[in-house]
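What follows is a single structure, written as structure tokens, with notes after it.
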Amino acid sequence: MKSVSIQTDTRTYPVFIGSGAIGGLSTFIKEAFPAMTNLMVITDETVRDFHLPALESELESIDAKICTVPSGEKAKTFDVYYQCLTFALEHKLDRKSLILAFGGGAVGDLGGFVAATYMRGIPFIQIPTTILAHDSAVGGKVAINHPSGKNMVGAFYQPSAVFYDLDFLGSLPPKEKRSGFAEVIKHSLIHDMNFYLSLKEQIHSLENIPSEELSTILTKGIEIKGAIVGEDEKESGVRAFLNFGHTLGHAIEAEKGYGEWTHGESVAVGIIFALELSRKVFGLTFEIGEFKNWLSSLGYQVTLPQELSHQSLLERMKQDKKSEGQKVRFVLLQEIGKPVLYQVSDELLLKELESFSKQQG
């Protein structure tokens, strides 16, 4: 098992990664929270059915209250958030209680936001069960969605620990593997060419990545994110670079209807568009066609959904949290490993969306 330390201004905490990592959870809880009064587990229907027995076995000596929410983005609504708060109140959680967010990125976002706002903040631990959550479980961004935009209601609230047991990843369907791996690709492109090249050379299918190789890849992604978060916890500067591919990606998610396209599938198209825009604005030298072919071979959609209105996508992008005064700001690459935040005019965006659509037509 590997361990990565995440250091921010508000908290330093461990991320435990590897097969069987959950085996240290009970001991950690007893040592870190000796005065804990109540334990609440927030999980979704899918994870409950596949993995809850393994968690309950590890928590055998602890009385855990299980709060089950819908799977995927359907968990990140005001109604579900309210239900979780009600569950916590009904089960007498207080400021010495602890929440475990047991599931994918949506459960982690929801569980963290519940913890951040319940009684003005109680501790929580992330227990991710997807590849996507290697990104979302680290860094302390917690939120729910609003119909007008993704993650618009949230907070920066760091977990007390992350237990990333790779044994949980075996049950993931191909769609979820693609969703998570898009964030790994993002980390490589904003960090360094060597990481990207190693991914491209090693990964030809997402079906059966050897456990040790997957552990190495995910650890690298977590280390990259941890370094950026440690420098800029609340996204006043370089942390915005982690949104590479997300400006258009989030717009696609919202326009398609949350859950219709996975987060990572939307971000993959957003990454391609950001690379094209980077070539237009900065003269980025990068084999985008080769990159698209690699993504296609892994099962990704690499084209913009034709039914989506470019004007509607633009309006969604103006609601992006990086936007200022209704001006869209994109994370672009001057070169691989050198991201910048760049304001893009409405005219250029609409022109490039049109060009992007024609390329794929």
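Which of the residues that make up segment 179-217 are at pLDDT below 95 and charged (D, E, K, R)?
Asp192, Glu207, Glu212, Glu213, listed by residue number.
State all residues of segment 223-240 that are touching a helix residue (DSSP H, G or I) at 6+ places or on another chain (Cβ under 9 Å), closer than 15 Å to Gln158 by Cα and not in a helix (DSSP H, G or I); if no residue qualifies, say none.
Of everything in segment 223-240, those that are touching a helix residue (DSSP H, G or I) at 6+ places or on another chain (Cβ under 9 Å), closer than 15 Å to Gln158 by Cα and not in a helix (DSSP H, G or I) turn out to be Asp232, Glu233, Glu235.
Over 19 Å from Val107 (Cα atoms) and either outside the structural domain of Asp167 (by TED's automatic domain parsing) or surrounded by 15 or more Cβ atoms within 10 Å (Cβ to Cβ) (or both): does that describe Gly23? Don't jump to the end; show me each part of the working.
On the way: over 19 Å from Val107 (Cα atoms): yes; either outside the structural domain of Asp167 (by TED's automatic domain parsing) or surrounded by 15 or more Cβ atoms within 10 Å (Cβ to Cβ) (or both): yes.
Criteria met by Gly23.
Taking only pairs six or more apart or across chains, which ones have beta-carbon atoms under 7 Å, a first residue in segment 131-159 that is on the phi > 0 side of the Ramachandran plot, and a second residue that is among the aromatic types (Phe, Trp, Tyr) and surrounded by fewer than 24 Cβ atoms within 10 Å (Cβ to Cβ)?
Close Cβ pairs satisfying both conditions: Gly140/Phe156; Gly140/Tyr157.
Given the criterion assigned by TED's automatic domain parsing to the domain that holds Leu353 and modelled with pLDDT under 95, identify the matching residue among Lys225, Lys220, Lys234, Lys292.
On the way: Lys225 fails: modelled with pLDDT under 95; Lys220 fails: modelled with pLDDT under 95; Lys292 fails: modelled with pLDDT under 95.
So the residue among Lys225, Lys220, Lys234, Lys292 that is assigned by TED's automatic domain parsing to the domain that holds Leu353 and modelled with pLDDT under 95 is Lys234.
List the number of the failed condition for Ala75; all other conditions in (1) modelled with pLDDT of 95 or more; (2) under 16 Å from Ser160 (Cβ atoms); (3) of a type in the set (A, V, I, L, M) hold.
Tallying (1) modelled with pLDDT of 95 or more; (2) under 16 Å from Ser160 (Cβ atoms); (3) of a type in the set (A, V, I, L, M), Ala75 fails exactly one: (2).
For the subset of segment 310-329 comprising residues that are of a type in the set (Gly, Ala, Ser) and without any contact (Cβ under 8 Å) to a residue 12 or more places away in the chain, which member is farthest from Ser179 (Cα to Cα)?
Filtering segment 310-329 for residues that are of a type in the set (Gly, Ala, Ser) and without any contact (Cβ under 8 Å) to a residue 12 or more places away in the chain, the one farthest from Ser179 (Cα to Cα) comes out as Gly325.
Can you find a residue in segment 307-330 that is exposed (fewer than 15 other Cβ atoms within 10 Å of the Cβ), under 27 Å from Leu197 (Cβ atoms), in the same structural domain as Glu207 (by TED's automatic domain parsing) and at pLDDT 95 or above?
no
Condition check: acidic (Asp, Glu) and not in a loop (DSSP other than H, G, I, E, B). Does Glu73 satisfy that?
Values: acidic (Asp, Glu): yes; not in a loop (DSSP other than H, G, I, E, B): yes.
Yes.
Would you pick out the residues in segment 74-115 that are closer than 23 Å to Ser171 by Cβ, touching a His at 6+ places or on another chain (Cβ under 9 Å) and either of a type in the set (A, V, I, L, M) or surrounded by fewer than 22 Cβ atoms within 10 Å (Cβ to Cβ) (or both)?
Ala106
Quick one: in segment 316-343, which of the residues that are among the acidic types (Asp, Glu) and touching a Ser or Thr at 6+ places or on another chain (Cβ under 9 Å) is nearest to Glu201 (Cα to Cα)?
Taking segment 316-343 and keeping what is among the acidic types (Asp, Glu), we get 320, 324, 335.
The next check asks that each one be touching a Ser or Thr at 6+ places or on another chain (Cβ under 9 Å); those that pass are 320, 335.
Numbers: Asp320: 34, Glu335: 20 Å.
Of everything passing the filter in segment 316-343, Glu335 is nearest to Glu201 (Cα to Cα).
Scan segment 53-70 residue by residue and report those that are assigned to a loop (DSSP other than H, G, I, E, B) and more than 18 Å from Phe124 (Cα to Cα).
The first filter runs over segment 53-70 and keeps only residues assigned to a loop (DSSP other than H, G, I, E, B), leaving 59-63, 70.
Result: Glu60, Ser61, Pro70.
Tally up the residues in segment 246-266 that are of a type outside the set (D, E, K, R) and either outside the structural domain of Leu314 (by TED's automatic domain parsing) or under 14 Å from Lys318 (Cα atoms) (or both), please. Steps first, answer last, please.
Applying the first criterion (of a type outside the set (D, E, K, R)) to segment 246-266 yields 246-252, 254, 257-259, 261-264, 266.
From what's left, either outside the structural domain of Leu314 (by TED's automatic domain parsing) or under 14 Å from Lys318 (Cα atoms) (or both): 246-252, 254.
Number satisfying all stated conditions: 8.
With the requirement that a residue be among the β-branched types (Val, Ile, Thr) and either in a helix (DSSP H, G or I) or not assigned by TED's automatic domain parsing to the domain that holds Leu39 (or both), what does segment 76-95 give you? Explain how you work it out, then say what you get.
Step one: filter segment 76-95 for residues among the β-branched types (Val, Ile, Thr), giving 77, 80, 86.
Once the filter is applied, which keeps residues that are among the β-branched types (Val, Ile, Thr) and either in a helix (DSSP H, G or I) or not assigned by TED's automatic domain parsing to the domain that holds Leu39 (or both), segment 76-95 yields Val80, Thr86.
Which residue pairs have Cβ atoms under 7 Å apart, sit 6 or more places apart or on different chains, and have a first residue in segment 261-274 that is farther than 14 Å from Gly299 by Cβ and a second that is surrounded by 24 or more Cβ atoms within 10 Å (Cβ to Cβ) and of a type in the set (Lys, Arg)?
Pairs that qualify, where the first residue is farther than 14 Å from Gly299 by Cβ and the partner is surrounded by 24 or more Cβ atoms within 10 Å (Cβ to Cβ) and of a type in the set (Lys, Arg), are Val267/Lys186; Ile271/Lys186.
Can you report the number of residues in segment 210-227 which are buried (at least 19 other Cβ atoms within 10 Å of the Cβ) and free of Cβ contacts under 8 Å to residues at least 24 places away in the same chain?
Matching residues across segment 210-227 total 0.
So Ser266 fits all but one of (1) out of contact with any Gly (no Cβ under 6 Å at 6 or more places or on another chain); (2) within 25 Å of Ile144 (Cα to Cα); what number is the exception?
(1)
Limited to segment 315-340, what total is found for residues that are under 28 Å from Glu287 (Cβ atoms) and outside any strand (DSSP E or B)? Full working, then the answer.
As a first pass, look at segment 315-340 and keep what is under 28 Å from Glu287 (Cβ atoms): 317, 320, 322, 328-340.
Restricting the remaining residues to those that are outside any strand (DSSP E or B) gives 317, 320, 322, 336-337.
The total comes to 5.
The values are calculated or read from the model by the stated rules, or taken from the named source; none is laboratory data. As the structure is a prediction and not an experimental result, all values here were calculated from the model. Cβ sites come from the backbone with ideal geometry, for glycine too, and all protein chains shown count toward neighbours.
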